[in-house]
Structures are given as structure tokens and as C-alpha cells.
């Protein structure tokens, strides 16, 4: 039996988590002096509804090793012999380090345990790591072995393509993802930055004027980059405006040859803290 676990930034829907029995270690979010557990004490729509009225910029904290260890222990008590933990990029958070510490603690407490635990530094964010988690769940259901899941994640993790555009440049500045000068120019020209992941960290790869050009950019890059042999599903993410995500889905269906499943999922509170309202993302497997 293979247990799948991740941190809460994977942003997979509750439906998917329940369907595949995926456990999450929640990040913490400090909002105006009060600390919440992502997807435990606060849900995305609740957070986005209060975001514009906040007096201070929210901050996030990684899951503790204790939280990861609790999930590992519970999995073993339930009969799981193999545990695959997929974490957000170590370049953006200490979540991966916490999971590795938890793995070490587990074997210190259970030195004779035959359980196998592998922790993946996904080099991804949001639905990027979520893509790997969902793909792993589908492979597990199709009969793939634990080692096959490990090998897939380690060999493909840097090819999960991320595209993220935002409305509120101020959040990217406060998150250290964009300089004040770039933000000022972007606002002046009404440019929307498009980010991806490079070497495990966020990087701006394009700036487009207006939503229509952003959607066009996404579709053109998908057609050019998509690995048809591996991408059997796409994830479109959004923070506060699902209609924009639905428009992108329709555009992909109408303008590309892709026939797989297109999931639309909301970005969670941890990710939303850094990208703000109006964010739109796209995730698929890129050609190597």
C-alpha cells in the first residue's frame, strides 16, 4: 500500500484529495496578528474576501516536522508500507526540509521499520506540485510500484511547466518576486507579468498587456511546449475569478488538439498570500 502526502500548497481540490486519500501538512498563515492553518482554519474564498481590507501583508510559515511526522505515523498505523511525500520547491520554502526531518525522526523512533519513505523536492509551486501528486495518484491506481512513482517524480519534476499571471503587482513586490521599478513600469503600461519556475524559484518570463494577450500567450506556449506523451491532464488555477479560468479552458479546448482532462482548481490561502486577487495559472508537462 502506497500513501501519498504533500504540503497544502499543492492546492488540489478536496474532491481529488478525498478520492485518492492524499494527506496534507498545512502551512500556517499569519493574518493581522492571528495565525491560521491553511485549509484547516481558513478556506480560500474566506481569505480572498477579506484580502483587500487587511491592514498588514499576511505572512506564511512552513509545516513543522511534527505535522509531517503525525501523517507518517498515522499512515503506518493504517497499514501503509510505502510513503511518498511531494513538497513545494525547496527554493521557496523550508517545507521540504521539514519533511526530511520528519522522515529522520520516524526512523529514529522506529529503527527496525520496513516502511519506505521518499520525500520529493518538487521544484514546483502550487498546482505544479499538485500536478505531480495527482499524476502519482493516477499511476498508483493503475498499478505502478512505489519505485516507479519515485522514479517518475525525480525524473519529471523539473519539466512541470508553470505559467502564472497576476493582477496585483504589489503582492509580488512584497513577496520578493518583482522589483519596485518593474512593478511601476508594469502598472504604467498596464502590463501583466507572466511567471514560471526556473531552478526551483519563480522567474518572470514575459509581460503582456491585458488579459486577452495573457490567454493567447498561455495557449501558444502550451501548443509549443506540451509533452503529449505525458500530459494526460492540465490544471488551470485561479485565486478569486473562476470565470477567467473557465475562459482559458474553453480557449484550450477550441484552439489546441488536447483531448485530455482539464481541471480548474482554486489556489489556496498560502499561495494566494503571495500572488493576490485575480491570479491565473496553467500547469502541464513540458517536453524535455
Per the 1/(1 + (r/R0)^6) rule, R0 = 45 Å and r from the Cβ atoms of residue 243 and residue 112, FRET efficiency to 0.05 is 0.25
Beta carbons within 10 angstrom, averaged per residue: use that to sort the peptides 237-250, 220-233, highest first.
237-250, 220-233
On C-alpha positions alone, give me the angle between the axis of helix 127-141 and the longest principal axis of the chain, in degrees, nearest 10.
40 degrees
When a/c reaches 1.5 or more, the comparison of a/b and b/c decides; with that in mind, is region 87-153 rounded, prolate or oblate per its Cα gyration tensor?
oblate
How far is helix 211-225 tilted off the main Cα axis of the chain, in degrees rounded to 10, range 0 to 90?
50 degrees
At 0.36 nm per residue, and after removing the present C-alpha to C-alpha distance, how many nm does the segment from residue 56 to residue 254 gain when stretched out fully?
67.1 nm
Tilt relative to the chain, helix 242-255 - C-alpha long axis, 0 to 90 degrees, to 10:
90 degrees
Over region 44-142, what is the relative contact order in percent, taking alpha-carbon pairs closer than 8 angstrom and at least six residues apart?
30 percent
Distance between Cα centroids, region 216-265 to region 26-54: provide it in whole Å.
28 Å
At a Förster distance of 25 Å, what's the computed FRET efficiency of residue 151 paired with residue 19, Cβ-Cβ distance as r, to 0.05?
0.55
Using alpha-carbon positions, what is the distance between the centroids of region 120-161 and region 268-288, in Å?
17 Å
Under 10 °C and 1.306 mPa s, how fast does region 2-157 diffuse according to Stokes-Einstein, given a Kirkwood radius computed over C-alpha pairs? Answer in µm²/s, whole number.
99 µm²/s
Can you order the peptides 145-155, 56-66 by their average number of other Cβ atoms within 10 Å per residue, highest first?
56-66, 145-155
In Å, what is the Rg of the alpha-carbon atoms in the chain, and how long is Dmax?
18.7, 62
Treating every alpha carbon of region 1-83 as one equal point scatterer without solvent, the Debye formula yields log10 I(q)/I(0) values at q = 0.13, 0.20, 0.23, 0.25 Å⁻¹ of -0.48, -0.94, -1.12, -1.24
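Which of rounded, prolate, oblate describes region 53-92, given a ≥ b ≥ c as roots of the alpha-carbon gyration tensor eigenvalues and a/c under 1.5 marking rounded, otherwise prolate only if a/b is larger than b/c?
prolate
All of the numbers you see were taken from the coordinates with simple rules; none came from a lab. Nothing here was measured: the structure is a model prediction, and the numbers come from that model. Reconstructed Cβ throughout: ideal geometry from the backbone, glycine too, with neighbour counts over all protein chains shown.
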